[in-house]
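Single-structure report; data block below.
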Ligand SMILES: Cc1cc2nc3c(=O)[nH]c(=O)nc-3n(C[C@H](O)[C@H](O)[C@H](O)COP(=O)(O)OP(=O)(O)OC[C@H]3O[C@@H](n4cnc5c(N)ncnc54)[C@H](O)[C@@H]3O)c2cc1C
Ligand SMILES: C[S@@+](CC[C@H](N)C(=O)[O-])C[C@H]1O[C@@H](n2cnc3c(N)ncnc32)[C@H](O)[C@@H]1O
């Protein structure tokens with residue numbers, strides 16, 4: 001399974017269980033761990049040969065260690081590393097674990113396998129609680145209250161690792177024995193391990209085969225045989241001594257800026273700002289969240305219900321990959337939200353015309369059935385609980401969320417200080433950091449600032465050139481009736497309607513590219529009611545829509561914030577005019593190669609442009625931002641992070657000679 005999906009067959013591991021209850025792969029005809037002592041083998045081969053106990057204990061204050069693995073399997077190696085980390089690392093350090101897995105276990109198989117290790121229950125329970133929406137591509141998990149990040153790369157390791165940008169400190173080379181899985185143990189894989197390594201990166205594997213040792217040596221690892229454990233006579237351990245080659249273009253490189261203190265201002269307390277604050281606070285940053293209103297989530301993020309809807313492409317576009325990763329991340333985050341404030345009731349997208357039907361047919365062929373399923377009209381009606389004009393595509397893990405509650409959850413952290421009634425009008429750079437002021441009065445200062453004020457980030461000169469547009473949208477609040485209580489899923493066509501929250505259904509939403517007004521209008525309530533009629537005349541009748549007077553209806557209007565390519569804008573900001581001067585030659589030669597450093601505005605970052613799907617893109621964008629800031633593994637493929645980078649517009653303009 002890749003994130004250029006080609007097959008909708010089951011992506012999950014097919015297992016047999018032996019008499020001792022241990023799993024065995026049907027496909028590879030091999031065991032997941034030594035049947036006579038899996039824990040001891042993991043500890044000996046992977047933890048000890050990478051000297052992890054000592055390295056964890058010696059981490060500097062606020063330090064981190066990044067482990068990479070080929071083949072996540074049951075997660076045993078991960079759980080053992082996590083346990084050792086908690087036992088030995090200083091309290092303010094973090095662990096990142098990145099693991100590629102082509103055939104993830106189903107949740108029930110994972111639960112069964114991990115039940116074999118009661119001493120790891122404290123860790124496996126946390127993993128199992130988050131083990132959902134494990135769809136293709138990069139899937140980020142936040143564990144141990146943010147101290148541990150797990151990034152699963154769901155797909156073939158040879159397709160996934162080339163997309164990874166991560167400074168790996170230790171490799172666990174796992175993945176069934178080479179004779180059972182020869183495709184994986186190849187020079188291309190070893191070259192990728194080397195690309196992601198730096199001097200001092202270590203590697204270990206249970207395999208002691210001479211050709212594996214020689215190939216790893218050739219890739220730049222100095223390997224040696226060492227005694228094994230159990231039935232294994234010998235295993236391999238090694239260290240990277242090869243050359244590192246930075247292949248990244250300077251305008252997408254990681255800024256080398258190192259703030260004097262881990263303190264940040266986040267300007268704007270909607271989904272983007274609260275997510276940025278949460279990801280930084282989880283990493284030990286002191287965050288001041290500045291919001292001009294009297295509370296958070298008062299603008300676009302203030303709707304009563306938003307839909308977790310995946311607008312995917314069958315062609316593996318950057319946006320589609322972002323959506324799949326972002327959906328998984330938000331979906332796992334929601335497990336912490338009070339269940340009155342969201343529902344995993346599924347989302348049904350109706351196929352009301354031939355074009356939509358053809359698109360849905362492509363998607364159904366491209367993605368696994370646990371992500372989306374085509375439903376006939378009778379099946380769709382039985383799912384939704386109401387009469388419908390057509391069948392469609394059902395997303396069983398989707399649902400609705402009360403966005404303000406999600407913002408509250410994200411911003412509720414002892415390291416986050418919310419400053420309301422704080423309208424930042426000026427942002428000035430001083431030798432010791434950035435100062436946020438309002439009419440000359442200092443509101444707060446810090447070495448790092450995240451601009452998360454949707455389109456209004458352009459009011460700051462430093463971000464004025466970003467091409468963000470406002471699109472007004474209005475939702476209509478419809479009181480629930482006894483008959484409308486039958487609605488069991490979100491149903492979407494042009495518009496959408498969700499099962500009731502607090503006695504009301506949210507019906508949305510209009511699109512107006514021109515109006516700058518925030519007052520609701522009867523005309524848009526009327527057009528929303530037409531969207532409802534299109535979704536289901538049965539539901540419209542159940543809600544007695546024909547009797548409702550649009551001028552009396554309650555609703556809410558706000559502005560979406562979109563970019564020209566519909567991708568969010570997330571990452572470090574450069575000085576716009578210095579950027580144009582520095583890279584002017586690109587105007588004459590788009591293939592010009594340079595290592596001239598990017599003129600970054602040290603400490604200034606953006607998280608904006610979440611369009612109509614901030615629920616899916618904003619939380620993971622908080623993680624992406626934190627990864628740029630902390631030199632961590634990116635939670636998205638490099639190409640997707642570049643597609644979301646603030647510099648992409650200036651770069652395109654230069655290349656097009658604009
Ligand atoms: C009608 C409508 C329906 C939608 N439906 C869905 C849906 O079903 N599913 C979905 O996923 N998404 C939906 N969206 C989109 C989603 O709401 C947005 O993508 C998301 O809320 C954007 O979050 P944000 O934090 O970027 O922006 P906002 O929520 O607008 O937050 C920006 C914040 O910054 C503050 N701010 C700005 N400038 C300053 C300053 N200088 N100083 C201090 N504070 C400042 C603002 O006051 C505001 O609180 C919908 C949007 C609309 C309008
Ligand atoms: C021996 S198991 C790993 C055990 C695991 N590390 C643990 O702690 O349980 C090997 C894993 O590698 C995965 N795998 C095999 N070939 C792969 C490939 N080409 N890409 C990604 N994963 C692969 C298998 O699906 C399997 O889950």
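Quick check, is residue 228 touching a helix residue (DSSP H, G or I) at 6+ places or on another chain (Cβ under 8 Å), within 16 Å of ligand 2 (Cβ to nearest atom) and outside the structural domain of residue 624 (by TED's automatic domain parsing)? Criteria met by residue 228. Taking every residue in segment 167-185 that is over 19 Å from residue 38 (Cα atoms) and part of a loop (DSSP other than H, G, I, E, B) and pairing it with any residue that is modelled with pLDDT of 95 or more and within 16 Å of ligand 1 (Cβ to nearest atom), at least 6 positions away or on another chain, yields no pair with a Cβ-Cβ distance below 9 Å.
Take residue 163 and tell me if it is at pLDDT 95 or above, assigned by TED's automatic domain parsing to the domain that holds residue 78 and more than 33 Å from the chain's Cα centre (by Cα). Let's see the steps before the verdict.
Working: at pLDDT 95 or above: yes; assigned by TED's automatic domain parsing to the domain that holds residue 78: yes; more than 33 Å from the chain's Cα centre (by Cα): no.
Judged against the criteria, residue 163 is not a match.
Checking each residue in segment 540-551 for being within 17 Å of residue 527 (Cβ to Cβ) and in a helix (DSSP H, G or I) picks out 540, 545, 546, 550, 551. Report yes if some residue within segment 552-560 is away from ligand 1 (no atom under 16 Å from the Cβ) and either in a loop (DSSP other than H, G, I, E, B) or under 23 Å from residue 390 (Cα atoms) (or both); otherwise report no. The answer is no, given that none of the residues of segment 552-560 is away from ligand 1 (no atom under 16 Å from the Cβ) and either in a loop (DSSP other than H, G, I, E, B) or under 23 Å from residue 390 (Cα atoms) (or both).
Yes/no matrix, rows are residues, columns are (1) closer than 30 Å to residue 259 by Cβ; (2) buried (at least 17 other Cβ atoms within 10 Å of the Cβ); (3) within 16 Å of ligand 1 (Cβ to nearest atom):
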| position | (1), (2), (3) |
| --- | --- |
| 56 | yes, yes, no |
| 85 | yes, yes, no |
| 90 | yes, no, no |
| 111 | no, no, no |
| 116 | no, yes, no |
| 137 | no, yes, no |
| 157 | no, yes, no |
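For segment 297-308, the set of residues classified as in a loop (DSSP other than H, G, I, E, B) and near ligand 1 (Cβ under 6 Å from one of its atoms) consists of 298, 299, 303, listed by residue number. Screening residue 50 against (1) closer than 18 Å to residue 150 by Cβ; (2) surrounded by fewer than 21 Cβ atoms within 10 Å (Cβ to Cβ) leaves a single unmet condition, (2).
Does residue 114 qualify as being in contact with a helix residue (DSSP H, G or I) (Cβ under 6 Å, 6 or more places away or on another chain), within 11 Å of ligand 2 (Cβ to nearest atom) and not assigned by TED's automatic domain parsing to the domain that holds residue 368?
Numbers: in contact with a helix residue (DSSP H, G or I) (Cβ under 6 Å, 6 or more places away or on another chain): yes; within 11 Å of ligand 2 (Cβ to nearest atom): yes; not assigned by TED's automatic domain parsing to the domain that holds residue 368: yes.
Yes; evaluated as a whole, the condition is true for this residue.
Checked against (1) exposed (fewer than 15 other Cβ atoms within 10 Å of the Cβ); (2) more than 29 Å from the chain's Cα centre (by Cα); (3) assigned by TED's automatic domain parsing to the domain that holds residue 621, residue 422 passes all but a single condition, namely (1).
Within segment 586-606, take every residue that is in a loop (DSSP other than H, G, I, E, B) and touching a strand residue (DSSP E or B) at 6+ places or on another chain (Cβ under 6 Å) and give me the one that is nearest to ligand 2 (Cβ to nearest atom).
Step one: list which residues in segment 586-606 are in a loop (DSSP other than H, G, I, E, B), which gives 588-599.
After this cut, where a residue has to be touching a strand residue (DSSP E or B) at 6+ places or on another chain (Cβ under 6 Å) as well, the list is 598-599.
Values: 598: 34, 599: 40 Å.
Here the answer is 598.
Residues in segment 447-483 that are more than 23 Å from residue 610 (Cα to Cα) and crowded, with 24+ Cβ neighbours inside 10 Å: 478 alone.
When 609, 622 are checked against the criterion of being within 16 Å of ligand 1 (Cβ to nearest atom), closer than 25 Å to residue 475 by Cβ, in contact with a strand residue (DSSP E or B) (Cβ under 6 Å, 6 or more places away or on another chain) and modelled with pLDDT of 95 or more, 609 stands alone in meeting it.
Any residue at all in segment 377-398 that is under 19 Å from the mean Cα position of the chain (by Cα) and buried (at least 21 other Cβ atoms within 10 Å of the Cβ)? Yes: one or more hits. Does residue 145 satisfy the criteria of being surrounded by fewer than 17 Cβ atoms within 10 Å (Cβ to Cβ) and within 23 Å of residue 413 (Cα to Cα)? It is true that residue 145 is surrounded by fewer than 17 Cβ atoms within 10 Å (Cβ to Cβ) and within 23 Å of residue 413 (Cα to Cα). Inside segment 631-658, residues that are on the phi > 0 side of the Ramachandran plot and in contact with a helix residue (DSSP H, G or I) (Cβ under 9 Å, 6 or more places away or on another chain) make up a count of 1.
Among the residues of segment 622-640, the ones that are buried (at least 22 other Cβ atoms within 10 Å of the Cβ) and in a helix (DSSP H, G or I) come to 8 in all. Only residues that are part of a helix (DSSP H, G or I) and within 21 Å of the chain's Cα centre (by Cα) were counted across segment 322-362, and they come to 13.
The residues of segment 413-462 that are in a helix (DSSP H, G or I), more than 9 Å from ligand 1 (Cβ to nearest atom) and in contact (Cβ under 8 Å) with a residue 60 or more places away in the chain amount to a single one, 462. With the condition kept exactly as written, say whether any residue in segment 563-582 is within 16 Å of ligand 1 (Cβ to nearest atom), in contact with a strand residue (DSSP E or B) (Cβ under 8 Å, 6 or more places away or on another chain) and on the phi > 0 side of the Ramachandran plot. So far as segment 563-582 goes, yes, one or more of its residues are within 16 Å of ligand 1 (Cβ to nearest atom), in contact with a strand residue (DSSP E or B) (Cβ under 8 Å, 6 or more places away or on another chain) and on the phi > 0 side of the Ramachandran plot.
Here segment 146-162 is the region considered, the condition is being away from ligand 2 (no atom under 13 Å from the Cβ) and not in a strand (DSSP E or B), and the residue that is nearest to residue 50 (Cα to Cα) is 147.
Selection over segment 27-50 of residues that are within 11 Å of ligand 2 (Cβ to nearest atom) and either touching a strand residue (DSSP E or B) at 6+ places or on another chain (Cβ under 6 Å) or in a loop (DSSP other than H, G, I, E, B) (or both) gives a count of 8. Answer with yes or no whether residue 436 is farther than 30 Å from residue 551 by Cα, crowded, with 21+ Cβ neighbours inside 10 Å and at pLDDT 95 or above. Against the criterion (farther than 30 Å from residue 551 by Cα, crowded, with 21+ Cβ neighbours inside 10 Å and at pLDDT 95 or above), residue 436 qualifies.
Within segment 641-658, being in a loop (DSSP other than H, G, I, E, B) and under 14 Å from the mean Cα position of the chain (by Cα) holds for one residue alone: 644.
When 271, 236 are checked against the criterion of being closer than 30 Å to residue 346 by Cβ and either at pLDDT 95 or above or in contact with a helix residue (DSSP H, G or I) (Cβ under 8 Å, 6 or more places away or on another chain) (or both), a single residue qualifies: 271.
For segment 497-522, a tally of residues being over 18 Å from residue 347 (Cα atoms), without any contact (Cβ under 8 Å) to a residue 60 or more places away in the chain and not in a strand (DSSP E or B) returns 13.
The values are calculated or read from the model by the stated rules, or taken from the named source; none is laboratory data. Everything quoted here is computed from the prediction, not taken from an experiment. Backbone-built Cβ (ideal geometry, glycine too); neighbour counts: all protein chains shown.
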